[in-house]
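Asker: Got a structure for you, questions after.
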Amino acid sequence: SVYFGGDDVVHKKPHAEMLNRCMNAFSIAPDNTLMVGDSQNDIAAARHAKVEVVAVSYGYNHGRPVSDDNPDYLIDSLDELLTCGALSSD
């Protein structure tokens with residue numbers, strides 16, 4: 001297994017470095033990657049990496065609604081990942 005934390009990269013989110021390293025480690029293209037996060041930095045990192053992003057409506061976002069940052073999908077529960085359309089293979 002592979003994992004990356006904040007101390008494993010030079011550039012922290014919202015930079016795309018961590019997402020790019022993950023995609024490279026598994027040889028996965030951006031169009032086959034989905035970022036799930038709870039903050040504007042997660043959404044920005046996904047945008048910089050050119051991957052779709054699902055934001056959860058709860059969590060850490062500097063005290064403001066994460067919906068303000070226009071994620072591709074917004075869910076209230078991780079269970080909704082199965083039904084929000086983010087995992088569909090068009």
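The values are calculated or read from the model by the stated rules, or taken from the named source; none is laboratory data. Quick caveat: nothing in here was measured; it's all calculated off a predicted structure. All Cβ positions, glycine included, derive from the backbone under ideal geometry; neighbour counts span all protein chains shown. Ligands, DNA and RNA are excluded from the accessible area calculation, which covers all protein heavy atoms including side chains. Shrake-Rupley method; radii C 1.70, N 1.55, O 1.52, S 1.80 Å.
Asker: Are there any pairs, at least 6 apart or on different chains, whose C-beta atoms fall under 7 Å, with the first in segment 73-90 and at pLDDT 90 or above and surrounded by 11 or more Cβ atoms within 10 Å (Cβ to Cβ) and the second part of a helix (DSSP H, G or I) and among the polar types (S, T, N, Q), and if so, which?
Answerer: That search, which allows pairs on different chains as well, returns 74/67.
Asker: Among the residues of segment 42-56, which ones are in a helix (DSSP H, G or I), within 9 Å of the chain's Cα centre (by Cα) and not β-branched (Val, Ile, Thr)?
Answerer: Taking segment 42-56 and keeping what is in a helix (DSSP H, G or I), we get 42-49.
Right, trim to within 9 Å of the chain's Cα centre (by Cα) and you get 42-47.
Answer for segment 42-56, where residues must be in a helix (DSSP H, G or I), within 9 Å of the chain's Cα centre (by Cα) and not β-branched (Val, Ile, Thr): 42, 44, 45, 46, 47.
Asker: Which members of segment 21-38 meet the condition of being closer than 27 Å to residue 57 by Cβ and out of contact with any Gly (no Cβ under 7 Å at 6 or more places or on another chain)? Reasoning before the result, please.
Answerer: Keep residues of segment 21-38 that are closer than 27 Å to residue 57 by Cβ, which gives 22-23, 28, 30-38.
Scanning segment 21-38 gives 22, 23, 28, 30, 31, 32, 33, 34, 35, 36, 37.
Asker: Can you pull out the residues in segment 61-72 that are of a type in the set (Gly, Ala, Ser) and surrounded by 10 or more Cβ atoms within 10 Å (Cβ to Cβ)?
Answerer: The initial filter retains those residues of segment 61-72 that are of a type in the set (Gly, Ala, Ser), namely 63, 67.
Correct list: 67 only.
Asker: For segment 1-39, which residues satisfy the criterion of being among the aliphatic types (A, V, I, L, M), open to solvent by 50 Å² or more (accessible area, probe 1.4 Å) and without any contact (Cβ under 8 Å) to a residue 12 or more places away in the chain?
Answerer: 10, 28
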